[in-house]
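Inspection log for the structure reproduced underneath, given as structure tokens.
Please treat every number below as a calculation from the coordinates, not as lab data. What you see is a predicted model, and the numbers here were worked out from it, not measured in a lab. A quick note on method: Cβ atoms are made from the backbone with ideal geometry, for glycine too, and the neighbour counts reach across all protein chains shown.
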Amino acid sequence: MRIDIITIFPKMFSAVLDESIVKRAQAKGKVKINVYDLRDYTADKHRKVDDRPFGGGSGMVICAEPVFRAVKSIMRTVRRKPHVILLCPQGKKLNQAIAKKLAKNNHLVLICGHYEGIDERVRQKLVDEEISIGDYVLTGGELPAMVLVDALTRLVPGVLGDKNSLNFESFEGNLLEYPQYTRPANFRNFLVPQVLLSGDHKKIEAWRKQQALKRTKQKRPDLLKV
Ligand code: 9D3
């Protein structure tokens, strides 16, 4: 899977792309993530990416021109048209079902929106889908783009080892995780539940299911409805 990200803050991305599972997925050739600085696609000598809004009002608006140039430049390098996503608060709220659907794409282009807003013609002419990551106000689409990259990368076949594999997830369904413990069995007189030390795998599995269900009822009853 290839993901191209267009942003005015390219440096923000190294924090996520150069660490952990996303880094390993790239090293293994499972995903290729490119970050493009919108400023590199301006045509004026001041490398201006935004301008004052027509009709007045406070703040600035990201210009259509550099965004068009960036997307077109990406498209020139491929035969098939990529799926273009704008990260913005008006978008569809990201969830695991949407992540799974997006993970089927071979090539995504992510455009990071900004607090100041983006020229509407970008939406009309370039964008296939708008995605938000939730109902709270951020300063831009950069963190949401990283959230999306993280959520999608782990869904690409071969990225996760068998250990944390996805089969397990679908098997468990919409439940929260059961309580987990590691050594020591006695930590400052807080003891690990006896059943986990019993070696009885049937009993352990039943206990974990029951705990997961109890937790979900308590903390996230909304996951059990539908
Ligand atoms: C509330 C009115 N607006 C500001 C003048 C709208 C606004 C536009 C852009 C508010 C924040 C932003 C910046 N955020 C994003 O670009 C964004 C975002 C978010 O803020 N929350 C959750 N998901 C996303 S995806 C992109």
Flagged in the stretch 96-155 as acidic (Asp, Glu) and without any contact (Cβ under 8 Å) to a residue 60 or more places away in the chain, in numbering order, are Asp119, Glu120, Asp128, Glu129, Glu130, Asp135
Condition set within 16 Å of the ligand (Cβ to nearest atom) and in a loop (DSSP other than H, G, I, E, B), scope the stretch 94-104, selection farthest from Arg76 (Cα to Cα): answer is Asn95
Only one of (1) in a loop (DSSP other than H, G, I, E, B); (2) in contact with a helix residue (DSSP H, G or I) (Cβ under 7 Å, 6 or more places away or on another chain) does not apply to Gly199, and that is (2)
For Gly57, state whether it is farther than 29 Å from Gly29 by Cα and under 13 Å from the mean Cα position of the chain (by Cα).
no
Only one of Val71, Val67, Val84 is within 22 Å of Ile98 (Cβ to Cβ), aliphatic (A, V, I, L, M) and part of a helix (DSSP H, G or I), namely Val71
Condition set in a loop (DSSP other than H, G, I, E, B) and either out of contact with any strand residue (DSSP E or B) (no Cβ under 7 Å at 6 or more places or on another chain) or more than 10 Å from the ligand (Cβ to nearest atom) (or both), scope the stretch 105-134, selection nearest to Pro89 (Cα to Cα): answer is Ile133
Looking across the stretch 136-157 at residues that are out of contact with any helix residue (DSSP H, G or I) (no Cβ under 8 Å at 6 or more places or on another chain) and part of a loop (DSSP other than H, G, I, E, B), the single one that is nearest to His83 (Cα to Cα) is Gly141
